[in-house]
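Structure record follows, encoded as structure tokens.
The values are calculated or read from the model by the stated rules, or taken from the named source; none is laboratory data. Since we're looking at a predicted model, the values are computed, not measured. Cβ: placed from backbone, ideal geometry, glycine included. Neighbour counts: every protein chain shown.
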Amino acid sequence: MQQQEIHNFLEQYFQANECSIAENNTGYLTVQLTVELDKELMNRPFYWHYLEKTGGIPNPMKLTFITSKQDTPDSIKGETIYFGSPRLHQIFQSTKNLASFIRLYENHDHKNKQTALFPWLCMNVKISYKCDRKKDIFKSIGLQMINGKMVDDFHDHLLQIPLTPKIPDYSFTLSPLIKPKSGMARIENYLSSTIEVDDHSWADEANKRWEKDLALLNHFYEDEEKKNDSYEVERKALQEQYEPKVIISFINGGMFYLTEDAI
Amino acid sequence: MTIQMEFDTSWQEDFLHRIENDGPWGNWELFKLAVDVEKHLVVPEFEGLQAPKYLPNLTPLPHQLETAKQVIENMNGKAILADEVGLGKTIEAGLILKEYMIRGLVKKVLILVPASLVNQWAMELNSKFFIPAITQRKSYVWDQYDVVVSSIDTAKRNPHRDIIYKQDYDLIIIDEAHKLKNNKTKNYEFVQNLKKKFCLLLTATPIQNRIEEIFNLVSLLKPGHLGSEAVFFEKYKRESRSLSDDEHLKELVNKVMIRNRRGDTGIEWTKRHVETIPIKFSIQERDLYDSITDLRNESDWVQASTFSVMTLQREACSSREAVYYTLKNMLQKKENPSIAYKEQIQSLITKVEAIKQNSKAEKALELIQAINDKVIIFTEYRATQLYLQWFLKQHNITSVPFRGGFKRGKKDWMRELFQKRAQVLIATEAGGEGINLQFCNHIINFDLPWNPMRLEQRIGRIHRLGQEKDVMIYNFAIKGTVEEHILKLLYEKIHLFEKVIGELDDILTKLDFGNIDDYLVDIFAGSASEGEMRIKMENLTSMIEFANQIREGDSHAAAGNS
């Protein structure tokens, strides 16, 4: 993520959380936190506790983030934000926490016409192939919960559709035939089967490296009557280093009610 | 094959619960942002380096990038980084660490460095690599923070030791790892018992004297890579010192070690100018030196220790204070000293007291005034260090002392004082490692270490990346003393000073003896006559020259280049 992207990201994050942006210049951004976001980011529970007990006037903080030092006058004091800075990762984490689950309706323009909305279950996940190296795949899957249709890149499809948190007039939702729980299981199975047929030579290679190092380790300790603690420690370290695994982690997901031919 | 899959299911209950209760639901803008963030954090390929694009404040050199890539892709994250002094091993380690962190393979990191470098490491990781490294100050730091920098001496002691062993480290970095060459030490044992999933050992001098050292180092990193101890020493003599004797061994070592040399990096280095400054003793100093030399002929002394005669001779070349300190010690430590012994020492002390000036110190003063810029003086002796400090103060020259024994904070403070306030830094041998002083470009070697590698480390403090000026090295040697011999042999005949950094250890590892210090003691202390000494020196010189020729013969096939 480059500095400009970080700047845009921060701007969007604070706007989405209804913070007013006091200053937005090339190089830095000043925002007035809301009470909610102050609690989310500033880690000062005692202040808020005290305030609520005494009934004082809340005074959430104002923050300045510097995304480019060169473009910021020296008089501006603030936190320098870069990829890898703890603050940015806190905000990343907060973004995920604040929007793990969602429910939206298609904001269709079928005026004055009764419209049925079909339920979709959406899951965004990260699939990691991990041994002593790692690569990730982002997957967005949508499952239509009546006919069981499964769609890849679901998130990209959603970006093309106008969505609203309130059900539009003259619309009604169809009840899912597939229960959410079994919907999740279907998506899980689908992911497993696509992963299974993928090329896993990386895992074979990792297993070979692991076996080789393990053989060396055994050889090193073979003279010792009783294998000591350091042998066990090393053996475990090799396992953690090489053991090939596929890890599927959840990013976010939700229920989307869409018109019949939306996707 | 079937592959092990781990589904994160922790969110499912929560999701079902919300569907049941119709909310609460998140905000669409944030939902989209979260997906965007994840798409950015995804690393789509096993190969290649992601780190450089996240490091706007750093332009790594090509050899540093190549090293990082090698370590991750071909060495599985376990490597000895053995670049010559000053090529930026810290940068390489930082790149590797950053890469693993970006890929989510490493979270918990332990970095063990010399006490004097703790703050510098933490600072560089924070400022150059945006890695929130914390210096160890309280024992709770170990479990509360992910990236901790500490000195090994702190870490190995309880309560720290026990807490550290309970942590689940993903990556361990050890700087100045050549200190772990001896597998009988507490430090070695401590590191051996650490769980090393990924591990980087940093050293500029992977072998100082014998092949055993590389065996110990490699076995720490990757036990069994060089076989078990018994098998290894059956195959290779413990005392031997050259890797290149054996192609197979060299190849094995190269699998876990990367050694970049200055010459290969294509970087323009500033020059080194070396000047030997011969100094004449005053009459009283000469008298003391000669009396010490005469001790060798006294049977009582020869048996006691030829070594202490050597030591006294070398100290006499440094300062009367150094001699006095040793003499006093000798008197105190000797059980039931004979009257003759006491008288002997006493007469030497009288000679020490007769000395009114220090010829070297006066020369140093003259030189410092002429340079009129920052200067580092290295001495082997603490007493000399104290004396010099006092002496310079008498002449209104500001100086700060530096010793290995200083606490971390004090070292940083001294470095800072030297940079901002003082003209001279007076360092003892222990100060030679683990401090970077590239803002200074003059070194005075007030006395010379016998192991040229140590000298290399002294110079390496200032002749490194970031040094913008030519480096000036002044070697002091008293005429007609053991010091002059050493300088002639080690530093002039074989032109060690003119060597590009790193050629030196190549040559030394090719020499046909174990420990260069022992060898020199034998020459200077064990020889019955001047003649014998000269012959032995000639021998040593030709050996070094011979080794140098072989080295040039197989120039870059030498130990450890990849």
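Points to keep in mind about this one:
- Residue that is farthest from B:L16 (Cα to Cα), among those in segment A:239-260 that are more than 7 Å from chain B (Cβ to nearest Cβ) and surrounded by fewer than 21 Cβ atoms within 10 Å (Cβ to Cβ): A:Q239
- Filter result (facing chain B (nearest Cβ under 8 Å), of a type in the set (D, E, K, R) and more than 30 Å from B:F232 (Cβ to Cβ)) within segment A:187-225: A:E188, A:E196, A:D204
- Residue-level analysis places B:K32 outside the set of residues that are farther than 13 Å from A:F101 by Cα, basic (K, R) and more than 7 Å from chain A (Cβ to nearest Cβ).
- Residue satisfying condition, being at pLDDT 90 or above and loosely packed, with under 13 Cβ neighbours inside 10 Å, within set A:N59, A:N43: A:N59
- Every listed requirement among (1) assigned by TED's automatic domain parsing to the domain that holds A:N252; (2) touching a residue at least 40 places away in the same chain (Cβ under 8 Å); (3) touching a Lys or Arg at 6+ places or on another chain (Cβ under 8 Å) is met by A:Q114 save one, (3).
- Residue under evaluation B:W25, criteria (1) at pLDDT below 90; (2) at the interface with chain A (Cβ under 7 Å from one of its Cβ atoms), criterion not met: (1)
- Given (1) free of Cβ contacts under 8 Å to residues at least 12 places away in the same chain; (2) of a type in the set (K, R); (3) away from chain B (no Cβ under 11 Å), index of the condition A:K181 fails: (3)
- When we screen B:A383, B:A370, B:A354 for residues that are out of contact with any strand residue (DSSP E or B) (no Cβ under 6 Å at 6 or more places or on another chain) and buried (at least 17 other Cβ atoms within 10 Å of the Cβ), the only hit is B:A383.
- In segment B:319-341, the residue that is surrounded by the most Cβ atoms within 10 Å (Cβ to Cβ) out of those that are among the basic types (K, R) and touching a Phe, Trp or Tyr at 6+ places or on another chain (Cβ under 9 Å) is B:R320.
- Condition met for B:R458 (in a helix (DSSP H, G or I) and either of a type in the set (A, V, I, L, M, F, W, C) or on the phi < 0 side of the Ramachandran plot (or both)): yes
- Applying the criterion of being farther than 23 Å from B:L465 by Cα and of a type outside the set (D, E) to the residues of segment B:50-80, the residue that is surrounded by the fewest Cβ atoms within 10 Å (Cβ to Cβ) is B:N74.
- Near pairs, Cβ below 6 angstrom, 6+ apart or cross-chain, from segment A:1-12 (facing another protein chain (nearest Cβ under 8 Å)) to any residue that is at pLDDT 85 or above and outside any helix (DSSP H, G or I): A:Q3/A:T67; A:Q3/A:S68
- Residue match in segment A:195-202 (condition: touching an Asp or Glu at 6+ places or on another chain (Cβ under 9 Å) and at pLDDT below 95): no
- Test: residue in segment B:60-68 that is in contact with a strand residue (DSSP E or B) (Cβ under 7 Å, 6 or more places away or on another chain), more than 7 Å from every other protein chain (Cβ to nearest Cβ) and over 18 Å from A:F83 (Cβ atoms): yes
- The number of residues in segment B:43-58 being within 8 Å of another protein chain (Cβ to nearest Cβ) and touching a residue at least 60 places away in the same chain (Cβ under 8 Å) comes to 2.
- The set of residues from segment A:126-142 being at the interface with another protein chain (Cβ under 8 Å from one of its Cβ atoms) and either at pLDDT 95 or above or in contact with a strand residue (DSSP E or B) (Cβ under 7 Å, 6 or more places away or on another chain) (or both) comprises A:K126, A:S128, A:Y129, A:K130, A:K134, A:K135, A:D136, A:I137, A:F138, A:S140.
- In this structure, B:A82 does satisfy being in contact with a Pro (Cβ under 8 Å, 6 or more places away or on another chain), among the small types (G, A, S) and more than 10 Å from chain A (Cβ to nearest Cβ).
- Remark: B:V191 matches the filter, which requires a residue to be of a type in the set (A, V, I, L, M, F, W, C) and modelled with pLDDT of 85 or more.
- Checked against (1) assigned to a loop (DSSP other than H, G, I, E, B); (2) of a type outside the set (D, E, K, R); (3) under 21 Å from the mean Cα position of the chain (by Cα), A:Y129 passes all but a single condition, namely (1).
- Of everything in segment A:149-207 that is among the charged types (D, E, K, R) and not in a loop (DSSP other than H, G, I, E, B), the residue that is farthest from B:F46 (Cα to Cα) is A:K181.
- Tabulated pairs, segment A:122-137, first within 17 Å of A:H155 (Cα to Cα) and touching a residue at least 12 places away in the same chain (Cβ under 8 Å), second of a type in the set (S, T, Y) and in a strand (DSSP E or B), C-beta under 6 angstrom, 6+ apart or interchain: A:N124/A:S140; A:K126/A:S249
- For segment B:80-101, a residue qualifies if it is at pLDDT 95 or above and of a type in the set (G, A, S), and the qualifying residues are B:A93, B:G94.
- Helices (runs of 4 or more DSSP H) within segment A:17-107 that include 1 or more residues away from chain B (no Cβ under 14 Å) and under 25 Å from B:W11 (Cα atoms): A:35-41
- The criterion of at least 3 residues that are at pLDDT 90 or above and closer than 28 Å to B:G460 by Cα is met, among helices (runs of 4 or more DSSP H) falling completely within segment B:113-185, by B:118-129, B:152-155.
- Checking each residue in segment A:144-161 for being within 13 Å of another protein chain (Cβ to nearest Cβ) and surrounded by 15 or more Cβ atoms within 10 Å (Cβ to Cβ) picks out A:M145, A:F154, A:H155, A:H157, A:L158, A:I161.
- Residue satisfying all of: in segment B:125-156; over 28 Å from B:N57 (Cα atoms) and hydroxyl-bearing (S, T, Y); surrounded by the most Cβ atoms within 10 Å (Cβ to Cβ) among these: B:T154
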